[in-house]
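The values are calculated or read from the model by the stated rules, or taken from the named source; none is laboratory data. Note that this is a predicted model, so its numbers are computed, not measured. Here the Cβ is made from the backbone with ideal geometry for all residues, glycine too, and neighbour counts use every protein chain on show. Heavy atoms of the whole protein, side chains included, go into the accessibility calculation; ligands, DNA and RNA do not. Shrake-Rupley method; radii C 1.70, N 1.55, O 1.52, S 1.80 Å.
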Amino acid sequence: MFQIRCPYCGPRDEPEFKYGGQAHVAYPADPEQLSDEEWTRFLFVRDNSRGRYAERWNHAAGCRRWFNVIRDTGTHEMVGSYRSGERPEDAR
Amino acid sequence: MKRLAGRGRINQDRTISFTWDGRAMSAHPGDTVASVLLANGIRVLGSSVLMNRPRGVVTDTMSDPNAFGQIGTGESSEPLMRLTQVEVYEGLTAMSRIHKGVLPTGTDTGRFEKRHAHCDVLVAGAGPAGLAAALAAAEAGARVLLVDEHPHLGGSLLGEDVVIDDRPAHLWVAEVEQRLRDNPAVTILTRTTVFNVGDQGAIALMQRVSEHLPEAKRRGRALRRMWQVRTHELVVATGATERPLVFPNNDRPGVMLAAGVRGYLHRYGLVPERAVVFTTNDDAYRTVLDLINAGVDVTRVVDVRPDPQGWLPRRARELGVEVRGGSVVMDTTAAADGALAGVVVAPLGGGETELITCDVLAVSGGWDPLFDLHHYLGGTARWDEQLLAFVQDNVVAGQRVTGAAAGIFGTTACRRDGHLIGLVAAEATGFGSATSGPAAPEAADVTEQAPADFVRVAAVDGDESHSFVDHHRDVTMAGIERALNSGITNVEHLKRYTLVGTGTEQGRTAKVNAGRLAADHFDLDFHMIGVSNARPPSQPVTFGSFAGRALGARFDPVRTTAIHSWHVAHGAVFEDVGQWKRPWFFPQGTEDMDAAVLRECAAVREGVGMMDASTLGKIDLRGKDVGVFLDRLYTGTMGTLKVGRARYGVMCKADGMVFDDGVVLRVAEDNFVATTTTGGAAGVLDWMEDFLQTEWPDLDVWLTSVTEQWATVAVVGPQVRTVMSTLAPELDVTQDSFKFMQVEDAVVAGMPARVARISFSGELAFEINVPTTSGLAMWEAVFAAGEPYGITPYGTEAMHVLRAEKGYFIVGQETDGTVTPLDLGLDWMIADKEFVGRRSLRRTDMLREDRKQLVGILPVDPNDRLPEGAQLIETAEYEIPVAMIGHVTSSYESAAMGRTFGLALVRGGRSRIGETIYAPLLDRTVAVELVDPIIFDAEGTRRDG
């Protein structure tokens, strides 16, 4: 069971959160301009890397805010978390 | 074994009794079942799992591979309990079932609890290292949780005759315990096992709260308590376990581990009549000296090393014990009951054999540090050539291993290391400084002679089928060799093939030997082979412990509407929709479900019906940009909605698949209410919140779930205007004044209400929304007003039939995450604007003409009702395998049409209207005609009454 630092509420147990997949994958600004391949890549293709990974979490049973977490997918180390609009380098 | 008066940490002044296989046993407070059996001369506990060999107690700890039994009777009976751990109490019943238990089949009556806790430093194990670590960390200021599986603190010290600071060790333990108990920041949990270590210091504990007490004294107390602890630092001080040796017939009851023999002496006052000791190291001589001290005849020490000259062997010799270096036990003999009668001793490498009579053979093949907890988060181990043992290889963040678990042997060295580790752990949590902390205990342990690197005595006749590597699983040297000769080169494969290291005992006494024997077989360095990995849980944990008190009604929350009590009082049969209880149908008299649903449907089509629609999700949206926001989510336009109007909408996920649907009401310029499906409400709110927070934070929109704030009574049917006029005389419900999809605030039955003309049945309908607190009153008022017209309450099943007659799909019934709005024939709802998922609707796959599309189905036999989920195929005659071209999503009997009908998803279905296809069932094949999904009232004339 992870302990995740909500940037608004502080460290809490994993059951309070909902996972939201890879961070920094924006909904395309003008989907109609994308080719089928580009659109498909947005829909279905995500990084699946070992090491530090930026991912989205929602404090569903708390403040209900979405934020980002840097987690090491190899060791499950929670490197830090940061708010929407902040940079990954700001994670703490 | 026999009991010595005045010895052991038991109360010999009091006698208690319990039964073993129905036989009364005499015990003392402080005994375990294992110690009592030994004291009562029960050497054979039962027979082994595969080979039916007689087996007995091997040691006094958790590592015993044989000492398992069934404890208790009836529904609270538990299988495979560790007899070395089960404390006896008056009235205990235990049964000999050492390798296979019996599962009770009824309801477990034991009470299980859960608790959460936080600490800075969690110390697992209260031996010399753990105690020293806990004390150092606590006195540096850290909050400490000290956990030990025994009833008392002290760990290995309980089973040894050791002096600390010039006094018996137990006095040192008592002093440390007192200092810890006096510290309010320290919690001590005995009879508690760490069974899992998770990420970020999540530690799971199992505490045996009252299971060591007689039933009468357990009243009101939990049997066990599961702790979920979050700790900053974990100190693993779980000690070490002695390793047996492999030789022919090494499994006879009476062959024990050397430390176990002295453990039974010091803890329970039990000694053998005549003992032989077989060892590869100096430590076993402590057993020799302690037994001699207790007046036991230690006939012979058989030491593998050619010339044992450490201080311990020398001391043994001085006391007159015959120490024979360079020799081995090459076989054992059995008494009539199968227990040990004697051992055959011979020089290492062959020579003259000698038979020595004894009732106990104390064996030591060295010591294995126990640091399973280190492995759970990816910790690794390396083989230490000096120690001849595995020790930790890497550091796991937030964890430290100390004492014998770290390969540090000797009480003084363990205390010193534990002390330092305790200071370091405290410092890591922000307390004290490890470098300036109080000094560690002085004085060194006396050094011992190096142990011999020795595992196994080969059988003289080459028959290795009675040389046991894993007693618990009956894995012999022959079995290991068979596996290795068959090509297995990996210990994990060896484990699965032979079962070595599996089962309840998990190979604490077997794994290392198995790995070393494999290494020998291939003539490899041991570190190339290793041992199989330890995985949680470290001990079996019952399901009851995980469930805790979340049983029965507390298993999952139940949501009921404000009108629930009325439904119950009127005999509703309920359906679970998510966590909601919804009336499914209201049977009258002896009606079955089909009859009730037909009656309810007919009432709605011909007169007037009412239903509780309170469970529909309701999301209140406020802000100046709500219209823009909804336009981006729904396939249709919502921003153009006028105040006081409602519109039906469908939402897709980015992949273009239908996600949810519902009616959106605009109640003010900057205030909309979106209704969702009952089951989808929470997901829709989360999804909207996600877009607002992460994609469009610039939009001025605020979301609130108001599902539970409103109760909704739907009043439906051709006679509804009459009922509404009675209820709300001031509200003009004529067609010209109150149009379809119009929303009005009005007083209904004297209560302020929001009334909307929304229909999910195709009939003229009004939905009356009131605050939840008025829900029941409104329902009763509607029922009373409608009674003269035979108003009929109906449930979800009738609602489903009525909407299916109109071809209205249900999310999750007609859709399954692979269905687009186009597949449902909702082309007319795709507005000319961007919305989430729109781009997906023109992906190549979405444009295929053979996609499954929503159609209506009419079985050619109007009385034949298909099961929902039935597959559809092209032809009446078929051979398996046959291509499926669709499936039935809804299937009912229609009161209005007097026949059965359904909805289905069929490949290219819309262009096949009028054709006949087939549903192959187990007992028949049903011909069905494909029709337009709107089967009833296609012109929609009934909507306006």
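Taken over the range B:151-175, the criterion of being free of Cβ contacts under 8 Å to residues at least 60 places away in the same chain and buried (at least 21 other Cβ atoms within 10 Å of the Cβ) is satisfied by B:Leu153, B:Gly154, B:Trp172, B:Val173.
Among the listed residues B:Leu348, B:Leu361, which satisfies the condition of being closer than 17 Å to B:Val246 by Cα and over 46 Å from the mean Cα position of the chain (by Cα)?
B:Leu348
Just one of the listed residues (B:Arg14, B:Arg9, B:Arg55) is of a type in the set (Lys, Arg) and touching a helix residue (DSSP H, G or I) at 6+ places or on another chain (Cβ under 6 Å), namely B:Arg9.
Within the range B:647-663, the set of residues being outside any strand (DSSP E or B) and open to solvent by less than 10 Å² (accessible area, probe 1.4 Å) comprises B:Gly656 only.
Out of the residues in the range B:186-217 that are more than 18 Å from B:Arg115 (Cβ to Cβ) and more than 14 Å from chain A (Cβ to nearest Cβ), state the one that is most open to solvent (accessible area, probe 1.4 Å).
Quick first cut of the range B:186-217, residues more than 18 Å from B:Arg115 (Cβ to Cβ) only: B:199-200, B:212-217.
When the remaining residues are screened for being more than 14 Å from chain A (Cβ to nearest Cβ), the result is B:212-217.
Values: B:His212: 36, B:Leu213: 34, B:Pro214: 33, B:Glu215: 114, B:Ala216: 75, B:Lys217: 136 Å².
Per the criteria, the residue is B:Lys217.
For B:Asp474, the criteria (1) on the phi < 0 side of the Ramachandran plot; (2) open to solvent by less than 20 Å² (accessible area, probe 1.4 Å); (3) charged (D, E, K, R) hold in every case but one, which is (1).
Scanning the range B:267-291 for residues that are in a loop (DSSP other than H, G, I, E, B) and either more than 17 Å from B:Lys2 (Cα to Cα) or acidic (Asp, Glu) (or both) yields B:Glu273, B:Thr280, B:Asn281, B:Asp282, B:Asp283. Only strands (runs of 3 or more DSSP E) whose full extent lies in the range A:32-88 are considered here, and the ones with at least 2 residues that are within 12 Å of another protein chain (Cβ to nearest Cβ) and free of Cβ contacts under 8 Å to residues at least 60 places away in the same chain are A:52-58, A:66-72.
When the range B:583-610 is limited to residues that are closer than 13 Å to B:Pro793 by Cβ and out of contact with any Gly (no Cβ under 7 Å at 6 or more places or on another chain), the one that is surrounded by the fewest Cβ atoms within 10 Å (Cβ to Cβ) turns out to be B:Gln588.
Where strands (runs of 3 or more DSSP E) fall entirely within the range B:318-402, those with at least 1 residues that are within 14 Å of chain A (Cβ to nearest Cβ) and surrounded by 15 or more Cβ atoms within 10 Å (Cβ to Cβ) are at B:399-401. The set of residues from the range B:705-732 being open to solvent by 10 Å² or more (accessible area, probe 1.4 Å), in a loop (DSSP other than H, G, I, E, B) and in contact (Cβ under 8 Å) with a residue 12 or more places away in the chain comprises B:Val706, B:Pro718, B:Gln719, B:Glu730, B:Leu731.
The condition of being in contact with a Lys or Arg (Cβ under 9 Å, 6 or more places away or on another chain) and free of Cβ contacts under 8 Å to residues at least 60 places away in the same chain holds for only one of B:Thr916, B:Thr900, that being B:Thr900.
B:Ala668 meets all of the listed conditions (1) buried (at least 16 other Cβ atoms within 10 Å of the Cβ); (2) away from chain A (no Cβ under 14 Å) but one, namely (1).
Tell me, which residue of the range A:16-31 that is of a type outside the set (Gly, Ala, Ser) and part of a loop (DSSP other than H, G, I, E, B) is farthest from the other protein chains (Cβ to nearest Cβ)?
As a first pass, look at the range A:16-31 and keep what is of a type outside the set (Gly, Ala, Ser): A:16-19, A:22, A:24-25, A:27-28, A:30-31.
Subsequent filtering for residues that are part of a loop (DSSP other than H, G, I, E, B) retains A:17, A:24-25, A:27-28, A:30.
Details: A:Phe17: 12, A:His24: 10, A:Val25: 10, A:Tyr27: 5, A:Pro28: 8, A:Asp30: 8 Å.
Per the criteria, the residue is A:Phe17.
A residue that is surrounded by fewer than 22 Cβ atoms within 10 Å (Cβ to Cβ), outside any loop (DSSP other than H, G, I, E, B) and not basic (Lys, Arg) occurs nowhere in the range B:96-108.
Within the range B:687-702, the set of residues being of a type outside the set (Phe, Trp, Tyr) and not in a loop (DSSP other than H, G, I, E, B) comprises B:Met688, B:Glu689, B:Asp690, B:Leu692, B:Gln693, B:Thr694, B:Glu695. Scanning the range B:825-849 for residues that are open to solvent by less than 70 Å² (accessible area, probe 1.4 Å) and more than 12 Å from chain A (Cβ to nearest Cβ) gives B:Gly825, B:Leu826, B:Met829, B:Ile830, B:Ala831. Take the conditions farther than 18 Å from B:Asp337 by Cβ, crowded, with 24+ Cβ neighbours inside 10 Å, over 24 Å from the mean Cα position of the chain (by Cα) and of a type outside the set (A, V, I, L, M, F, W, C) and apply them to B:Thr93. Does it pass? In short, no. For the range B:686-703, residues that are open to solvent by 20 Å² or more (accessible area, probe 1.4 Å) and within 11 Å of chain A (Cβ to nearest Cβ) total 11. Within the bounds of the range B:12-27, is there any residue that is open to solvent by less than 40 Å² (accessible area, probe 1.4 Å) and either assigned to a loop (DSSP other than H, G, I, E, B) or on the phi > 0 side of the Ramachandran plot (or both)? Checked against the condition, which is being open to solvent by less than 40 Å² (accessible area, probe 1.4 Å) and either assigned to a loop (DSSP other than H, G, I, E, B) or on the phi > 0 side of the Ramachandran plot (or both), the range B:12-27 yields no hits at all. Do you know which residues across the range A:1-15 are closer than 14 Å to A:Arg56 by Cα and more than 10 Å from chain B (Cβ to nearest Cβ)? Passing the criteria: A:Cys6, A:Pro7. Within the range B:270-278, not a single residue is within 24 Å of B:Arg53 (Cα to Cα), touching a Phe, Trp or Tyr at 6+ places or on another chain (Cβ under 6 Å), at pLDDT 95 or above and not charged (D, E, K, R).
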